[in-house]
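Trainee: Let me give you the structure first, and then I'll get to my questions.
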Amino acid sequence: MFNKIIKLGQKKFNKSDQHHQDNNNPSTNNVVRSSRTAPTTASSVSNGESQTTASSPSQTPNHPMFTTTPTLEVLPLLKDVSSSDRPLLFMKKAHMCSCHCDFSDTLIMPREKEIKRQTLLELVDFLHSSSGKVNETMQSELIRMVSANIFRCLPPAHHENTGAPPEGNDPEEEEPYLEPWWPHLQLVYELLLRYVVSSEIEPKTAKKFINHTFVSRLLDLFDSEDPREREYLKTVLHRIYGKFIFHRPFIRCSIYNVFYKFLYETERCIGVGELLEILGSVINGFTVPMREEHRLYLVKAILPLHKSKSISIYHQQLSYCVTQFVEKDYKLADSVIRGLLKFWPLTNCQKEVLFLGELEEVLDATEPSEFQQCVVPLFTQIGKCLNSAHFQVAERALFLWNNEHIVGLIAQNKDVIFPIIFEALERNMKGHWNQAVHGLSENVRRMFLEMDTDLFEENYKCLPMMTICFLTTPDSYFFNEDTDFDLDL
């Protein structure tokens, strides 16, 4: 009995010892570390050999060839086999394309790279053709292959590689990082896009594979520095939003979460422009009256994007989204204008020019009732812009008077706006260094005079002691600091 116990103990020890050795063996434990998104699918290639470890939201077909590591080999064409053998061959080809090729050197694996490229092209054509019937099992292996290729650790940002501070780099001047294995990656994205838009694919079946986890990981890829990949991601996500109605609330919430993460954690603006572009199309489809949920996200997630230093990268898309909200529900104009004033830049003149351009678009969609609620703080800020020493800021503010709708709003509230703006115009007439700003200020001043002469003269009399140039038609009157005139207060 004692000998049996000893033998049993030795067996247990040997088993655990073997397990301990396996855990310490670097060849059986490939751990991928990255400061970026950690994928659940990792692929590694070494010494010209492809090796893949992939996980998928779907179950693997119970077939011996799907339990082994895929190898790249030449297979018969799908069109050359019978319809009964086609599903199995399709899955075998998809499984084979799950492996990665080493693109660090063009001389490594040239044959395998071409085999995979041709196979992906064939799968894309198969989905695009009318005969491309894809059952649930085939869809499972297809999405497994797509996941194995696109979900990966992204390379660190440029400043993370060089050690340079992120605030010292201009994202617009940095050269974008291009994925070396894009020839394969592009075909995988094209395959995913064809799958999503295919009329043969039922959303009820596809939702088993295009689930919340898949969409969430897709959003993580918007952090890719390759603009070609982000463009494909934008198209795919937009198509998913349009086809899978049950995913729409989740996608909207996830996009807003990306904005929160950008604003309060990473400050990395990669992909924000593409997400805003998707959101602009989504906002365009909102029903009226707008739900409180959408109003809340406007105030909490979209308007705060104006405070970023990198706003120039995505401002065009951001401005479109904000304008879409106002056009959908005019009652949001006051909240939007006050939000712009809240995040108005103090020292960044180029950013201030962007704000003035966006403000014009918002005011162009603003109703008089909403305009009256914010007229005082709005034109107080515009008055500061008129006197800006940066001529582009002053010039852009004066261009607001070229918009007929805005001039109409000003005319309806001239009693409030004249006292605020009049002094700023006179300061420009007195001593602004730029002649273009001087001329534009003169035009706006004349416009005020033609709009209401009595109100103009009343505000003129209330001006403080300063050099005044009062232009009339056709005579001109000039006053200097020593001129005495009566102030009827």
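The values are calculated or read from the model by the stated rules, or taken from the named source; none is laboratory data. Everything numeric here is computed off the predicted structure, so don't read it as measured data. Neighbour counts run over all protein chains shown; Cβ positions are idealised from the backbone, glycine included. Note: accessible area is taken over every heavy atom of the protein model, side chains too, but ligands, DNA and RNA are not part of it. Shrake-Rupley method; radii C 1.70, N 1.55, O 1.52, S 1.80 Å.
Trainee: Can you find a residue that is assigned to a helix (DSSP H, G or I), modelled with pLDDT of 90 or more, more than 41 Å from the chain's Cα centre (by Cα) and more than 24 Å from LEU354 (Cβ to Cβ) anywhere in segment 456-474?
Mentor: No, that holds for no residue.
Trainee: Given the conditions (1) at pLDDT below 90; (2) closer than 23 Å to GLN373 by Cα, which single one is not true for PHE399?
Mentor: With respect to (1) at pLDDT below 90; (2) closer than 23 Å to GLN373 by Cα, PHE399 is out only on (1).
Trainee: What is the residue count in segment 195-206 for residues that are surrounded by fewer than 19 Cβ atoms within 10 Å (Cβ to Cβ) and either under 18 Å from ARG117 (Cβ atoms) or of a type outside the set (A, V, I, L, M, F, W, C) (or both)?
Mentor: Looking only at that region, the number is 7.
Trainee: For segment 318-390, which fully contained helices (runs of 4 or more DSSP H) count at least 1 residues that are open to solvent by less than 10 Å² (accessible area, probe 1.4 Å) and in contact with a Gly (Cβ under 7 Å, 6 or more places away or on another chain)?
Mentor: Answer list for segment 318-390: none.
Trainee: Out of PRO61, PRO70, PRO166, PRO57, which single residue is surrounded by 20 or more Cβ atoms within 10 Å (Cβ to Cβ) and modelled with pLDDT under 90?
Mentor: Residue meeting the stated conditions: PRO70.
Trainee: Inspect all residues belonging to segment 220-242 and state whether any of them is more than 20 Å from GLU277 (Cα to Cα) and either outside any loop (DSSP other than H, G, I, E, B) or open to solvent by 60 Å² or more (accessible area, probe 1.4 Å) (or both).
Mentor: no
Trainee: Mind checking which pairs have a first residue in segment 133-147 that is over 22 Å from SER83 (Cβ atoms) and among the hydroxyl-bearing types (Ser, Thr, Tyr) and a second that is part of a helix (DSSP H, G or I) and open to solvent by 10 Å² or more (accessible area, probe 1.4 Å), Cβ under 8 Å, 6 or more apart or different chains?
Mentor: Within 8 Å, the pairs are SER147/ARG217.
Trainee: Shifting gears a bit: Go over the candidates VAL272, VAL299, VAL282 one by one and state the one that is touching a residue at least 12 places away in the same chain (Cβ under 8 Å), within 27 Å of PRO155 (Cα to Cα) and of a type in the set (Val, Ile, Thr).
Mentor: Exactly one of VAL272, VAL299, VAL282 is touching a residue at least 12 places away in the same chain (Cβ under 8 Å), within 27 Å of PRO155 (Cα to Cα) and of a type in the set (Val, Ile, Thr), namely VAL272.
Trainee: Quick check, is SER216 surrounded by fewer than 18 Cβ atoms within 10 Å (Cβ to Cβ), out of contact with any Pro (no Cβ under 8 Å at 6 or more places or on another chain) and of a type in the set (Gly, Ala, Ser)?
Mentor: The answer is yes for SER216.
Trainee: Shifting gears a bit: If I ask for residues that are in contact with a helix residue (DSSP H, G or I) (Cβ under 7 Å, 6 or more places away or on another chain), in a helix (DSSP H, G or I) and open to solvent by 30 Å² or more (accessible area, probe 1.4 Å), which ones from segment 257-273 would you list?
Mentor: Once the filter is applied, which keeps residues that are in contact with a helix residue (DSSP H, G or I) (Cβ under 7 Å, 6 or more places away or on another chain), in a helix (DSSP H, G or I) and open to solvent by 30 Å² or more (accessible area, probe 1.4 Å), segment 257-273 yields VAL258, TYR260.
Trainee: Among the residues in segment 400-408, are any in a helix (DSSP H, G or I), farther than 26 Å from LYS430 by Cβ and not charged (D, E, K, R)?
Mentor: Yes, that holds for at least one residue.
Let's see how each residue does on (1) acidic (Asp, Glu); (2) at pLDDT 95 or above:
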position: THR266; (1), (2): no, no
position: ILE270; (1), (2): no, no
position: ILE278; (1), (2): no, yes
position: GLY285; (1), (2): no, no
position: PRO289; (1), (2): no, no
position: GLU293; (1), (2): yes, no
position: LEU298; (1), (2): no, yes
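Trainee: If we keep just the residues of segment 94-144 that are in a helix (DSSP H, G or I) and of a type in the set (Ser, Thr, Tyr), which is farthest from the chain's Cα centre (by Cα)?
Mentor: Within segment 94-144, the match that is farthest from the chain's Cα centre (by Cα) is THR137.
One line per residue, one yes/no per condition, for (1) more than 18 Å from LEU303 (Cα to Cα); (2) under 12 Å from the mean Cα position of the chain (by Cα):
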site: THR205; (1), (2): yes, no
site: SER224; (1), (2): yes, yes
site: PHE246; (1), (2): yes, no
site: TYR256; (1), (2): no, yes
